[in-house]
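Engineer: Before I ask anything, let me first share the structure, which is written out below as structure tokens.
Since every read-out is calculated from the coordinates, none of them should be taken as a lab result. On a predicted model such as this, the values are computed, not experimentally measured, just so you know. Counting neighbours? That spans all protein chains shown, and the Cβs are built from the backbone with ideal geometry, glycine included.
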Amino acid sequence: MNSFMKQSKYYFLIISLLVGLNLSAQTVKEVVKFANEQFEEGNYSIASKEYNRAFFFGYDQKDILSLQIAQCYSQLNEYDLASDFFDKAYRITSNDSIKDEAILGKSFCLLLQKKYVLSISELYNLTDHASDKQKLHYHFLKGIAHYGIQDDSASFYEFNEVLKLSELNDSNSFALQSEFENVHRYQKRYNPNRAYIMSGIFPGSGQFSSGAFKDGINSMLLIGGLFMVSVRVTNLYSFWDAAIALFPWIQRYYLGGMDHSKALAVSKIESKRYESYLRIMKLTSPNDF
């Protein structure tokens, strides 16, 4: 009788454990399902917490789960955390497609942090088995990264590859080429060194070349006014009196105007490049970006 009771207890314990394990697995799947729903609704903070719970409790598809967690953190602008989980997905999976998604995801996070060189180096890890869609994203991200480091010829090549893979019409390719020709002209049109020299020769002219007419007029009037005052002081007293009293002020505003004209030219180039960047994005952005 005692032997029968002991066996019954063992059987009951085994059955309880099996049932508990089954319930645990079912609960984890429900957590992932709930997290997926939150992700689709854009509740990325809640989704990330639920995905992490499922990851901790042993969800079997940890590589896919890592990708989802990374996407959540990316949407929440937590780029370092996102990169960590993209790396995790890359390490634990044997699936080339998931590896490529992790590479593209991490590269995108690096781009958003303006780490352009690191983004390019990450993309070189893409496998030979990447899908057409992944290749499209690969060239698109490389185009942005090269544009960010002002390697415009490489950027044009990558964006042109995007158009080829997208099978967009020839007008887009022509528009892309025209836009990059404009980008090439900006450096000549608003050359910072030329603006600096121009302001040294004739105060205000460097600002005029960048389209900053108000700044140019102010610089011209200020330097011109100081010069006229110095002439007046020289006539009333002596050259040395004028030099001692006004030369430090003339030097300060004269050299300051030259530096300011150079800074304005650099700012103008950056502004124009950004306008071109927006137009390039409109021409080449994949539908799912």
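Engineer: For THR127, what charge total do you get from the other residues with a beta carbon under 10 Å from its beta carbon, if Lys and Arg give +1 and Asp and Glu give -1?
Structural biologist: -2
Engineer: What is the sum of charges, Lys and Arg at +1 and Asp and Glu at -1, for the other residues whose Cβ falls under 15 Å from the Cβ of GLU275?
Structural biologist: So the environment of GLU275 carries a net charge of +3.
Engineer: Shifting gears a bit: Over the range 157-217, one equal point on each Cα, no solvent: what is log10 I(q)/I(0) by the Debye formula at q = 0.13, 0.18, 0.20, 0.29 Å⁻¹?
Structural biologist: Calculated log10 I(q)/I(0) at the listed q: -0.52, -0.66, -0.72, -1.09.
Engineer: Same structure, new question: If I take every Cα pair under 8 Å that is 6 or more residues apart in the range 72-163, average their sequence separation and divide by the length, what percent do I get for the relative contact order?
Structural biologist: Rounded, it is 22 percent for the range 72-163.
Engineer: I'd like the Karplus ³J(HN,Hα) series for the range 120-136: coefficients 6.51, -1.76, 1.60, θ = phi - 60°, whole numbers in Hz, and an x wherever there's a Gly or Pro.
Structural biologist: Coupling constants for the range 120-136: 5, 4, 5, 5, 5, 7, 4, 6, 6, 9, 4, 6, 4, 5, 5, 5, 4 Hz.
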